[in-house]
Amino acid sequence: MSYFRPLMRPEAQWVPVGPLAQFPDVGVDDGNLIQSRTCNAKKSQPGCRIFLVPKTDPSQVTEIAIPAGAATSPSEGQDLKDQVVVFRYRGKVHALDHQCPHNAYPLSNGTPFDIEDFGVVLSAGLTCPKHGWSFDIFTGQSDRGLYKLPVWEVQLRDIQGIPWSGTLTDGPLDHGQTVWVRRRQKMG
């Protein structure tokens, strides 16, 4: 047994959640994540995707279908445990727990926004419409209280599953990049 390398926990497993081309950029409007948007000048699709990723076996990932033209999350009123919402905001892919830590409301109904100070963009946030609380989508920190939203790690990979070393502006989004996510690992 090596004391220098921690044992791999099941929840540390990377899971694929689809091609990057299936994630429209939601930073170009003021709508909530679930609203349909045009992606790559093609058909209209929801601005986010929702996945159930069991902690005990992440390989059993399943997508929760969002009906065409849905105005609210299909998970509303359900148990949101082990669900992740994945979306692209201003060119960067984000993955967050689907459940608001304040009131267990589906964050796919939330609206992303820029966190600014005197016109300088410092970060990005997501507002939960249930009570108006906001969370930084990079750190998970709430704007009120001590609530923290779990933020997932995101990785872009090429067709062969090798981590993508380019940027999203390297060319069109049909080069086969895929999005992979996993729960953020706790240090120590």
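Using the structure shown, decide if Ser44 is in contact with a Ser or Thr (Cβ under 6 Å, 6 or more places away or on another chain) and modelled with pLDDT under 90. Before the answer, list the steps.
On the way: in contact with a Ser or Thr (Cβ under 6 Å, 6 or more places away or on another chain): yes; modelled with pLDDT under 90: yes.
So Ser44 fits the description; yes.
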>> Contact list please: Cβ distance under 8 Å, first residue in segment 87-100 and in contact (Cβ under 8 Å) with a residue 40 or more places away in the chain and of a type in the set (Lys, Arg), second residue in a loop (DSSP other than H, G, I, E, B) and open to solvent by 30 Å² or more (accessible area, probe 1.4 Å), pairs at least six apart or on different chains.
In response: Lys92/Leu168
>> I need a count of the residues in segment 149-163 that are surrounded by 14 or more Cβ atoms within 10 Å (Cβ to Cβ) and part of a strand (DSSP E or B).
In response: 6
> When you go through (1) touching a strand residue (DSSP E or B) at 6+ places or on another chain (Cβ under 6 Å); (2) under 22 Å from Val179 (Cβ atoms); (3) open to solvent by 60 Å² or more (accessible area, probe 1.4 Å) one by one for Leu122, which number turns out not to apply?
Replying inline: (2)
> Can you name the residue in segment 52-110 that is open to solvent by less than 30 Å² (accessible area, probe 1.4 Å) and aromatic (Phe, Trp, Tyr) and is also farthest from the chain's Cα centre (by Cα) among such residues?
Replying inline: Tyr89
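The values are calculated or read from the model by the stated rules, or taken from the named source; none is laboratory data. Since we're looking at a predicted model, the values are computed, not measured. Cβ: placed from backbone, ideal geometry, glycine included. Neighbour counts: every protein chain shown. Just so you know, the surface numbers come from the protein's heavy atoms only, side chains and all, with ligands and any DNA or RNA stripped out. Shrake-Rupley method; radii C 1.70, N 1.55, O 1.52, S 1.80 Å.
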